[in-house]
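Worksheet: the structure to be examined is printed underneath.
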Amino acid sequence: MRILLPAVSLALGLGLSTAAADEIWVSNEKDDTISVIDIDTLEVVRTIDVGERPRGITFAIDHSVLYLCASDSDTVQVIDPETGKILHELPSGEDPEQFVLHPDNRHLYIANEDDAITTVVDTETRKVIAQIDVGIEPEGMAVSPDGDIAITTSETTNMAHWIDTKTQELFANTIVDQRPRHAEFTHDGSELWVSSEIGGTITVFDRESQTEKAKINFEIQGIHPDRVQPVGFEMTKDGKHVFVALGPSNHVAVVDPETYEVTDYLLVGRRVWHMAFNGDESLLFTTNGVSGDVTVIDVAELAPIKTIKVGRFPWGAAYRPTN
Amino acid sequence: MIVRPIAKYLVILWFCCSVAHAEVSVTIGYLEQVEVQPPVLSNLDPVPENEGLSGAELGLKDNATTGRFLKQFYSLETRIVDVGGDFEAAARELLALTPFVVVKAPKNKLLMLADLPEAGTAILLNAGAPDTDLRNESCRANLLHTLPSRAMLTDALAQFAVRKKWTDWVMLSGPNPKDEAFADSIAGSARKFGIRMLESKVWDVDADMRRNAFQELPLLTQDFPEHDLLIVADETDDFSRYVPFNTWEPRPVAGTEGLVPAAWDRTVEQWGAAQLQKRFVKGAERPMRPVDYAAWAAVRAIGEAVTRTNQAEPSAIRAYILSDDFELAGFKGRPQTFRTWNGQMRQPIPVTHGRAVVAQAPFEGFLHQRTELDTLGIDEAETACTAFRE
């Protein structure tokens, strides 16, 4: 103990650079902050001031920097995760809401909600390299694992727009149910999943043909279907589960990606929005907008184990390994 | 006289549908009868001239953006009839161009339009008249409503009051027919939700022209029995702005002033509404009003049906709009559909106080076997509308 103590205080003295615990970073939409959760203690260890209305949040592939959509500041902020300092800002187009980082670790595809545009930014030169006209209120962003296709979904146009990342042009537009919110490719890249908040469904597309392959419906006993509103979702790498945030129904659905069947519903905080896994995918952290907290779900047990208070209207979450 | 317009109409119809397989072109009409605004005590908030039209224009833009990706093309044909103008002629003109017409007009004009032979297979969307009987005994099969009925609005307010346990009401209503209609609707909602209407008075502007609201209101409200809520029924927007804080008893004011139920308000910002508000303000340079919202929803409903069916034939569009498959994301947190028994668009009703949304109806605890949205307005079991029965 006596020997360890100085080491601990040294670590604290240096900030968190040598702390062992991995972290979950949460953007708080109505607080203009990020809450950093220590995954070992499941407590908020840092609160970082950022730009206005922070929403989309993602780390560089090597986790060297954090990218954050500061929607009302009309910029993407690049943040040093060690110090929490804003290093610089990227041109993002107006009102960036959500984005996705291309597997090349260099190009960000950004949904500009107010302008019906997807902006492609080179994070190295810090220049906009393309702007693509999409439907009204673009929000959901995805990129295929091989990087060939980027997706924008538009909330009022109710479409998934398929972008060829070589030409930065649309090559397909597919209709989904009302108010698409989030899109993800499966880890093998063969399918695209799109959630529709008001439609209450997830549409699964075959990537090759861009045709609808399956539609997933949700039904929770005692909750009116209108309130079961799929928003963010995450897929486990082992292909066993897809976790779907169901908004104001305050539940997360567990979907079997083989059969497209819902196997379970887990009660979380109010208006559950997005989520992130820890490194080994043993824990899932959901952002609950209305209750202003994060629910921690044990993935093996499929059970919520803790609620962590964060800022006002937590929106997105991202995992950061520290070792 | 009648034969010629029909023939013309059929030609247009044939043209529209013959191209439906490849590309779809849809013309949506916007028809408005300008009404005389009665004089009011204050001119602080005039009704904007482009109320309604601005909503339709935004709806068209939204449709066109979607259509661009699907080879569907939209255009808007507008006819605005001045006070004393020939509404019927304008209506016939529009119906010769398109079967889809969004209308902002008073009840008698709406019914005249709906009963024109040229309108037989048309889809008319009422975005301006809140009269409940248009959704009830006076309903027409070719007339849908995206503006909530008065009954929906006053039911929303009644549900709110029940939730707050503010169930003793008194009412002050204006002398205009619109004010009376609102007062009647309030009385109906009070009965429906078990609220006691202890006393009603009419604000009589004719009695003494020297009166002013500031002096008059404490006197007028002095002998009201003990109550929780003072309802003001003044759709004309004449005296109601002077009621809050001028009452004898310190009681909240609701109805057309204070706490107001409406299809839309500039304070609605949840569920992505902030984006719709921004888009609207960009074009109209003013906040979106309920009639703008209803016109937007009407144009979007047609657009949504065209998008999903990939055709523009009115009978197919009507069938789709009234089917279970139709839903519109109307930025109020729930899918908006149409009631099959009277053509009214189901929708949540925000209850606001001008600076913020206080709450949104339907409220938890008001249950319905189909959807809680049907606790607002005329339900299937009580409808007197038979035109929608096939």
When residues of the stretch B:216-247 are filtered for being under 17 Å from B:Trp166 (Cα atoms), hydrophobic (A, V, I, L, M, F, W, C) and surrounded by fewer than 22 Cβ atoms within 10 Å (Cβ to Cβ), how many remain? 1
I'm told B:Phe182 meets every condition in (1) surrounded by fewer than 18 Cβ atoms within 10 Å (Cβ to Cβ); (2) modelled with pLDDT of 95 or more except one. Can you identify the failing condition by its number? (1)
If we take the stretch B:264-337, then helices (runs of 4 or more DSSP H) inside it with 1 or more residues that are within 13 Å of chain A (Cβ to nearest Cβ) and in contact with a helix residue (DSSP H, G or I) (Cβ under 6 Å, 6 or more places away or on another chain) are B:273-284, B:290-309
Give me the residue from the stretch A:191-218 that is outside any loop (DSSP other than H, G, I, E, B) and basic (Lys, Arg) and, out of that set, farthest from the other protein chains (Cβ to nearest Cβ). A:Lys213
The lone exception for A:Gly135 - which of (1) away from chain B (no Cβ under 14 Å); (2) outside any strand (DSSP E or B); (3) touching a strand residue (DSSP E or B) at 6+ places or on another chain (Cβ under 9 Å) it fails: (1)
State yes or no: is B:Ala381 farther than 22 Å from B:Thr65 by Cα, part of a helix (DSSP H, G or I) and modelled with pLDDT under 95? yes
Test of understanding: among B:Glu285, B:Glu313, which residue is at positive phi, acidic (Asp, Glu) and in the same structural domain as B:Ser25 (by TED's automatic domain parsing)? B:Glu285
Of the residues in the stretch B:65-81 that are more than 10 Å from chain A (Cβ to nearest Cβ) and not β-branched (Val, Ile, Thr), the one that is farthest from B:Thr256 (Cα to Cα) is B:Lys71
Would you be able to say whether some residue in the stretch A:292-303 is away from every other protein chain (no Cβ under 14 Å), within 23 Å of A:Ile151 (Cβ to Cβ) and not acidic (Asp, Glu)? no
Given (1) touching a Ser or Thr at 6+ places or on another chain (Cβ under 8 Å); (2) at pLDDT 95 or above; (3) within 26 Å of B:Leu58 (Cα to Cα), identify the lone condition not met by B:Ala312. (2)
With respect to the numbered conditions (1) within 20 Å of the chain's Cα centre (by Cα); (2) part of a strand (DSSP E or B); (3) not charged (D, E, K, R), which one is the sole condition not fulfilled by A:His187? (2)
Which condition number in (1) over 19 Å from A:Val242 (Cβ atoms); (2) more than 11 Å from chain B (Cβ to nearest Cβ); (3) of a type in the set (Val, Ile, Thr); (4) out of contact with any strand residue (DSSP E or B) (no Cβ under 6 Å at 6 or more places or on another chain) is the one that A:Thr157 fails? (2)
Are there strands (runs of 3 or more DSSP E) fully within the stretch A:219-276 with at least 3 residues that are in contact with a Phe, Trp or Tyr (Cβ under 7 Å, 6 or more places away or on another chain)? List them. A:242-245, A:251-256
Among what's in the stretch B:338-362 and is basic (Lys, Arg) and either farther than 17 Å from B:Arg266 by Cα or without any contact (Cβ under 8 Å) to a residue 12 or more places away in the chain (or both), pick the residue that is nearest to the other protein chains (Cβ to nearest Cβ). B:Arg346
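The values are calculated or read from the model by the stated rules, or taken from the named source; none is laboratory data. Computed from a prediction, not measured in an experiment: that's the story for all the values here. Glycine also receives a Cβ, built like all others from the backbone with ideal geometry; neighbour counts cover every protein chain displayed.
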